[in-house]
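Single-structure report; data block below.
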There are 2 protein chains.
Amino acid sequence: MRSLSLLFFALALPAAAADPLPSWNDGAPKQAILAFVGKVTKEGPDFVPPAERIAVFDNDGCLWAEQPMYFQAFYIFDRIKELAPQHPEWTTQEPFASVLKGDIKSALASGEHGLLAMAAATHAGLTSDEFAASVIDWLATAKHPVTGKAYTDMVYQPMLELLDHLRANGFKTFIVSGGGIDFIRPWAERVYGIPPEQVIGSSLKAAYEVRDGKPVIIKLPELNFIDDKAGKPVGIHQHIGRRPIFAAGNSDGDFQMLEWTTSGEGPRFGLLVHHTDAEREFAYDRESHVGKLSKGLDEAPARGWTVVDMKGEWKTVYKP
Amino acid sequence: MRSLSLLFFALALPAAAADPLPSWNDGAPKQAILAFVGKVTKEGPDFVPPAERIAVFDNDGCLWAEQPMYFQAFYIFDRIKELAPQHPEWTTQEPFASVLKGDIKSALASGEHGLLAMAAATHAGLTSDEFAASVIDWLATAKHPVTGKAYTDMVYQPMLELLDHLRANGFKTFIVSGGGIDFIRPWAERVYGIPPEQVIGSSLKAAYEVRDGKPVIIKLPELNFIDDKAGKPVGIHQHIGRRPIFAAGNSDGDFQMLEWTTSGEGPRFGLLVHHTDAEREFAYDRESHVGKLSKGLDEAPARGWTVVDMKGEWKTVYKP
C-alpha cells in the first residue's frame, strides 16, 4: 500500500502550496492573473467549463523578444545570403540588394510589402518538411546580434510560467502571431509546450502534389493570410472557432485580439506586456518601428486590461 | 480507505475487458483497427508519442449520412426559402429559382459553382454568432426527407465508437470536411465530441469589425478555401501543421487525405467507409453524384487501406 499512500499524499497536497508564477513580483498584475484563474476554475458565478478556457498569446514581444527587429526577419536575411549565389539578380534588386550589402535599415524601408516579397522568395518552393528543417537548422546556430543568445533562449520566463499555470488549470493555450505560422510551429512545442495545431499565424498559400511518387506540401509564392490587427480575430475565428477568454499581447497589432476577447460575456482577461526595461531587455512603446504600443496604452485602463511593466513586475526576463 | 480501494480496483481493471467497438462485427476491419491502436500505444518499434496521434475524419458519408444530398444543401435550400421575401430577384435567378420551385435536381445541376453561390448568398452578411444560431435552430426542427430523422441522429454509431476508442488511446480527433467549417462547428462537440478548434472545412472569407460598439466577425460573400480533394492535405497542413497517422473517408474527395496520411513513415491507417447497405442506409459508390468512390476502391488494396463494407461490418448504422 505504500504507493497508494504516496498517491493519496500527492492528491491531498494543496495546489496553492507552490507559487505558480515565481518570476513575477507580487504586484497587481500577478494578483489579477491568479484571481482570474482562480475564479473561472471554481464552481460559482464566474466558472468557465474547461472546453471554453481558450487563451491566446501573441508571439513576438510577448513570448520572446522582437528587437532590434522580428527574429523571423533575421532568418529571412540569412536565407537571402545563403540563396544569393542562385539569384544573381538580387545584387541589384531591392530589398534583396540592401540585405546583401548588410544595409538592414534600407532593406526594412520597403515595409511589409518588402518583407513579404523576401519571405515569398526565400520560403516558397520548399516543401513543408524542408522549410521546417531549415528553420530548426537555423535556430540551432544563429545568435542574436545584441545579446549573443540563441533566439529560443530569448523567451520570457514569466510568460512560460503563465502558459504553464493556465494549462495546469485546464486552459488550452494558442499562439496568434503576425509572424509566419510555419516559422513558429517547428519549435513551439519544445519551447512553449504549444503543439503545432495550436499555432495561428500569417501564411503563404500551399499546394499538395505528388513528386516522383512522394506526396508533399509545397509553399507557394502567394500570400494566404496576414494574421495581424483585425486579422487576428479572423484568424482566431478560422482556426479556433470560439472566442478566447484570455488574450495577451504587447503591441497595437494585438489591439483587436484583446478587444474581441475581452468584449465577450462572462469573465475575461486582457494583458499587455509593456517593454520598459532597457537594461535587461529593450525599452520601447509609442514610437517603436517594431511592436508599437500606443492605442493599447491609452485604452487599457478603460477596457480593464492589465498592463505589465516588465521592469517592475518581472524578477527574471529571459528563461535562465 | 474504501474510496482508495475502489480507485485501485478501477485502475487495475484491464482496459481490454469491454469491447470498445461493440457495433462492429468481428471482421478484418475491426481487427485491423484494434491492432493498429494497440501497436501505436505500446512501447515498441511502432510506438507513436501521444502528441503525434492525430486522426482525421471526413464528415459527410463518413460520420453522418450524405444522401440524397449533402445535409448542408438542405440547410441552404431552407435558408433560401426563408430569405426569399427579401430577394424578389431570386424568383427568376438560377439556381435560386429552381430551389424556390422545389426543383432540387435543376438547382443542383449548377454544380459546385451554384452551391457556392447559394452558400455565399445565404451565409454571408451574418455574424459568426448569428450563423451558428441559425444552424442550431435549423437542426433542432429539420427532418431528413427519407428517414424522417433529425439530421444529427443520422450519425454512424460505429464511427462514434471509433472516435471514442481513438481518444481513449490518446489520439486527437479532427474533422476534415468539404462542407462548411462554420456549419459543422456549432454541433460537432455535442454530437461527435470534437471541439470547434478540431474542425477543418471549406470556408468563406470573414472580417472583423466593431458594429455599434460591439465587435463581431462577419461572413463575407467570397470564397476563402475549398477543403476537398487536394485541398484536404492543404487544410490539414494549415490547421494542424503535422501529418496525421490515421485518416478515414468514404469518397474520392478523401483520396489525397488518405494518400498524404498513409505515405508518412511509421505505422499509418487509411479507412474507407463503403456504402453498401441499401436497406439500412444507402448503397452507392462509383456512379453516385454525391460521395463518388471509384479511385479509392481501385487503389485501396495496393495502398493497404481498409475498406469497410457497411452492410457486412456494422451491426448498427445510426446512433440508436
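Averaged over B:206-216, how many beta carbons belonging to a partner chain fall within 10 Å of each residue's beta carbon? Display every interim value, and only then the final one.
Details: counts 5, 5, 13, 3, 5, 0, 0, 1, 1, 10, 3.
Counting other chains' Cβ atoms within 10 Å and averaging over B:206-216 gives 4.
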Practice task
Return the long-range amide H neighbours of B:ALA206 (sequence gap of 5 or more, or a different chain), with a cut-off of under 5 Å between placed amide H atoms.
Solution key: B:LEU220
Completion exercise
Put in order of increasing Cβ neighbours within 10 Å, starting from the fewest, A:TRP187, A:TRP90 give A:TRP187, A:TRP90
Handout entry: Dmax and Rg, reported as Rg then Dmax, of region A:60-211 (C-alpha, Å)
Key = 16.4, 54
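If each residue's Cβ is checked for other Cβ atoms within 10 Å, how do B:MET257, B:MET69, B:MET159 rank with the fewest at the top?
Ordered from fewest to most neighbouring Cβ atoms within 10 Å, B:MET257, B:MET69, B:MET159 come out as B:MET69, B:MET159, B:MET257.
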Fill in the blank from the handout: Bridge orientation stat for the protein assembly as shown from DSSP, antiparallel percent rounded to 5, came to 40
Exercise for the section: Normalising by the residue count of chain B, find the relative contact order in percent from Cα pairs under 8 Å and 6+ residues apart. Expected result: 22
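Output the direction-averaged projected area (hull surface divided by four) of the convex hull of the alpha-carbon atoms of region B:99-184, in nm².
Across all orientations, region B:99-184 yields a mean hull projection of 7.6 nm².
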Exercise for the section: Could you give me the radius of gyration and the Dmax of region B:260-314, taking only the C-alpha atoms into account and expressing both in angstrom? Expected result: 12.5, 40
Handout entry: Most mobile of B:ASN59, B:ASN250, B:ASN25 in a GNM of chain B (Cα contacts under 10 Å)
Key = B:ASN25
Exercise for the section: Output the antiparallel fraction of DSSP beta bridges having both residues in chain A, as a percent to the nearest 5. Expected result: 40
Exercise for the section: Do me a favour and compute the ellipsoid semi-axes for region A:26-88 from its Cα gyration tensor, root of five times each eigenvalue, largest one first, whole Å. Expected result: 44, 15, 5
Handout entry: Cα-Cα separations in region A:143-264 greater than 20 Å, expressed as whole percent
Key = 52
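Efficiency by 1/(1 + (r/R0)^6): what FRET value for B:GLU299 and B:ASP26, r their Cβ-Cβ distance, R0 = 22 Å, to the nearest 0.05?
E(calc), rounded to 0.05, equals 0.25.
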Handout entry: In nm, spacing of pseudo-spin labels at A:THR141 and A:LYS81 (7 Å Cα→C-beta vector)
Key = 1.1
Practice task
Would you tell me the mean number of C-beta atoms belonging to other protein chains that fall within 10 Å of each C-beta in A:232-245, as a whole number?
Solution key: 6
Completion exercise
Of region A:229-243, those with amide N under 15 Å from the point 7 Å along the Cα→Cβ vector of A:GLU265 are A:243
Handout entry: Size-normalised alpha-carbon gyration radius of the protein assembly as shown, reference 2.2 N^0.38 Å
Key = 1.02
Fill in the blank from the handout: Taking the protein assembly as shown and counting helices only, DSSP H stretches of n ≥ 4 at -39,500 (n - 2.57) each over all residues, the nearest-500 ellipticity at 222 nm comes to -12000 deg cm²/dmol
Fill in the blank from the handout: Put in order of increasing Cβ neighbours within 10 Å, starting from the fewest, B:ARG286, A:ARG242 give B:ARG286, A:ARG242
Problem - From the C-alpha gyration tensor of region B:24-313, square roots of 5λ in Å - result: 34, 22, 16
Problem - Chain lengthening between B:ASP212 and B:LYS311 when straightened (0.36 nm per residue, less Cα-Cα) - result: 30.1 nm
Practice task
Work out the FRET efficiency for A:ASP153 and B:GLU94 from their Cβ-Cβ distance, taking R0 = 60 Å, and round it to the nearest 0.05.
Solution key: 0.45
Exercise for the section: Pairs to check: A:LYS214/B:LYS232; A:LYS143/A:LYS292; A:LYS81/B:LYS232; A:LYS205/B:LYS229. Give those whose C-alpha atoms are more than 27 Å from each other in this structure. Expected result: A:LYS81/B:LYS232
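The numbers here are math on the coordinates, done by the rules we state, and not lab data. Treat the numbers as computed from the prediction; the structure is a model and nothing was measured. Methodologically, a virtual Cβ is constructed for each residue, glycine included, from the backbone with ideal geometry; neighbour enumeration extends over all protein chains shown.
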